[in-house]
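Report on one structure; see the data block that follows.
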Amino acid sequence: MQVRYSTKLSLQEYIEQEAWNQAYLDHCPFHPEGGCGLARHGFYARKLPEYCLIARYYCPKGHTTIGLIPDFFCSRLPGTLDEVEHAVNVAQESKSQEEAAEKLRPEITLTSALRWLRRRIRYVREALTTAAGLFTPGCHPDLKSFRQWLSSNRVLFRLRRSVSDFLQHLPPVVGFGPRITSRYFNEFHLQQ
Ligand SMILES: [Zn+2]
């Protein structure tokens, strides 16, 4: 599983300071009462947008590894929250998704770039739909509305920090919960 490593560091600072060495988990998310033998369990690498490490713990009682994801990183997707938000903003400002995909990923084929872009659009919509349902009923689940609600142009990053107690209920890329199934999502979305 993944949990939040609360940090104000940027990706560059995280790399320069090798901050994964400081990332610390003070209790097990499964056994907050302790006694499960929670211990450090090395690191794993993330390669995009730059190589860096993620601190990992292991809960022997739950047979689970726990990754400490710094606030700027997406969960379940390579790259940063700002990169994903930028891609979705570009898509909204472009005449078509094709135009945005070519602009964002000129080095790959249009088909791959579109898949890459649509995946990000969907992740953002899922995260914002759930967040709107939980925290701001009536708020439209798009970046524009959330920019106003959070008074920030870094919506996904701010959302990660603002709703930190609920991240296990929020789908990726902001939260650490499961993706919402398309059936549930469509029903949920239609009610908005
Ligand atoms: Zn545990």
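Would you please name the trypsin sites (Lys or Arg not before Pro) within region 1-46 that are DSSP coil residues with at most 15 other C-beta atoms within 10 Å of their C-beta? Working shown, then result.
Details: sites: Arg4, Lys8, Arg40, Arg46; in loops: Lys8.
Answer in residue order: Lys8.
Starting at the first residue of region 45-61, write each ³J(HN,Hα) from the Karplus equation 6.51 cos²θ - 1.76 cosθ + 1.60 with θ = phi - 60°, in whole Hz, x for Gly and Pro.
Each residue of region 45-61 in turn: 9, 10, 9, 10, x, 9, 5, 7, 10, 10, 6, 9, 10, 9, 9, x, 5 Hz.
Looking at the chain, send over the antiparallel percent of its DSSP beta bridges, to the nearest 5.
On the way: 12 of 16 bridges.
Taking every DSSP beta bridge within the chain, about 75 percent pair in antiparallel fashion.
What is the distance in Å between the Cα centroid of region 44-102 and that of region 136-151?
22 Å
Cα extents of region 81-191 along the three principal axes, largest first, in whole Å?
Sorted from largest, the Cα extents of region 81-191 read 39, 32, 23 Å.
Obtain the nm distance between the two label points defined at Ser112 and Glu99 by a simple spin-label model: each point lies 7 Å from its Cα along the Cα-to-C-beta direction.
The answer from the label model is 2.5 nm.
Greater than 26 Å separation of Cα atoms is the criterion. Which listed pairs, Lys47/Lys95; Lys95/Lys144; Lys8/Lys61, meet it? Walk me through the numbers on the way to the answer.
Numbers: Lys47/Lys95 32 Å; Lys95/Lys144 17 Å; Lys8/Lys61 32 Å.
In this structure, Lys47/Lys95; Lys8/Lys61 exceed 26 Å between Cα atoms.
Determine, at each q value in 0.21 (inverse angstroms), the log₁₀ of I(q)/I(0) that the Debye formula gives when each Cα of region 2-70 is one equal point scatterer.
-0.84
Given a 10 angstrom Cα cut-off, can you work out which residue in His63, His27, His140 is the most mobile in a GNM of the chain?
His63
Work out the length of the dipole vector of the chain about its Cα centre, built from +1 on the beta-carbon of each Lys and Arg and -1 on the beta-carbon of each Asp and Glu, and round it to the nearest 20 debye.
Numbers: 25 positive and 19 negative charges, 80 e Å.
Dipole of the chain, to the nearest 20 debye: 380 debye.
With each pseudo-label sitting 7 Å past Cα toward Cβ, what's the Arg122-Arg147 distance in nm, one decimal?
2.6 nm
Tell me which residues come under 5 Å, amide H to amide H, from Gln168 once H is placed; ignore anything under 5 positions away on its chain.
Close amide H contacts, sequence-distant or interchain: Phe176.
Per residue, what volume in Å³ does the Cα convex hull of the chain take up?
On the way: hull volume 26.3 nm³, N = 192.
Considering the Cα atoms of the chain, their hull volume per residue is 137 Å³.
What spacing in nm lies between the two simple spin-label points modelled at His169 and Val90, each 7 Å away from Cα in the Cβ direction?
Each label point is offset 7 Å from its Cα along the Cβ direction, giving 3.4 nm.
Please give the calculated 222 nm ellipticity per residue for the chain, where each DSSP H segment of at least 4 residues contributes -39500 (n - 2.57) and the sum is spread over every residue; nearest 500 deg cm²/dmol? Each step should come with its number before you reach the end.
Values: 7 runs with 79 residues, N = 192.
Value at 222 nm, helices only, nearest 500: -12500 deg cm²/dmol.
Every number in this text was worked out from the coordinates using simple rules, so none of it is lab data. Quick caveat: nothing in here was measured; it's all calculated off a predicted structure. Positions of Cβ are backbone-derived with ideal geometry, glycine not excepted, and every protein chain shown enters the neighbour counts.
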